[in-house]
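Here's the structure we're looking at; comments come further down.
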Amino acid sequence: MPKQLFSIVGRTEENNLVISGIFRFKETHGMTLDVIFDCLKDRNMVPSWLHLLEESENAGVNFEKFMTELEYSIINVYGKKYWSKISPLLTTRRA
């Protein structure tokens, strides 16, 4: 039986599902983050940002490079205001 790529790790205040496994999905299927985020958004789901960062770190991805990709993808799908809310959480978590 194939391993499930996504896991539900919570719900937002708006009752959207919070999903982990995004990085593994990206690496397995070669999709860009903005495409993945857009698909999740269409289904009332959001990535677990901390799980996403942790998964990329565990895979040995350069933090600055990944943050650049993440910034582009989040702004493209959710907007600059959302990025300004998420970015400090990710950079604080890394410190």
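Only the coordinates and a few stated rules stand behind these numbers; no lab work does. Quick caveat: nothing in here was measured; it's all calculated off a predicted structure. Don't worry about glycine lacking a Cβ; one is built from the backbone with ideal geometry, like all the others, and counts go over all protein chains shown.
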When the stretch 55-72 is examined, which residues are found to be part of a helix (DSSP H, G or I) and among the aliphatic types (A, V, I, L, M)? 67, 70
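Here is a yes/no grid of residues against (1) surrounded by fewer than 18 Cβ atoms within 10 Å (Cβ to Cβ); (2) within 19 Å of residue 4 (Cα to Cα); (3) among the acidic types (Asp, Glu):
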site: 17; (1), (2), (3): yes, yes, no
site: 22; (1), (2), (3): no, yes, no
site: 26; (1), (2), (3): no, yes, no
site: 30; (1), (2), (3): yes, yes, no
site: 33; (1), (2), (3): no, yes, no
site: 54; (1), (2), (3): yes, yes, yes
site: 61; (1), (2), (3): yes, no, no
site: 74; (1), (2), (3): no, no, no
site: 89; (1), (2), (3): yes, no, no
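A quick yes/no check of all residues on (1) touching a Lys or Arg at 6+ places or on another chain (Cβ under 7 Å); (2) part of a helix (DSSP H, G or I); (3) touching a residue at least 12 places away in the same chain (Cβ under 8 Å):
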{"position": "10", "(1), (2), (3)": "no, no, yes"}
{"position": "31", "(1), (2), (3)": "no, no, no"}
{"position": "36", "(1), (2), (3)": "yes, yes, yes"}
{"position": "41", "(1), (2), (3)": "no, yes, yes"}
{"position": "53", "(1), (2), (3)": "yes, yes, yes"}
{"position": "76", "(1), (2), (3)": "no, yes, yes"}
{"position": "83", "(1), (2), (3)": "no, yes, yes"}
{"position": "86", "(1), (2), (3)": "no, yes, yes"}
For the subset of the stretch 63-72 comprising residues that are under 19 Å from residue 20 (Cα atoms) and in contact (Cβ under 8 Å) with a residue 24 or more places away in the chain, which member is surrounded by the most Cβ atoms within 10 Å (Cβ to Cβ)? 70
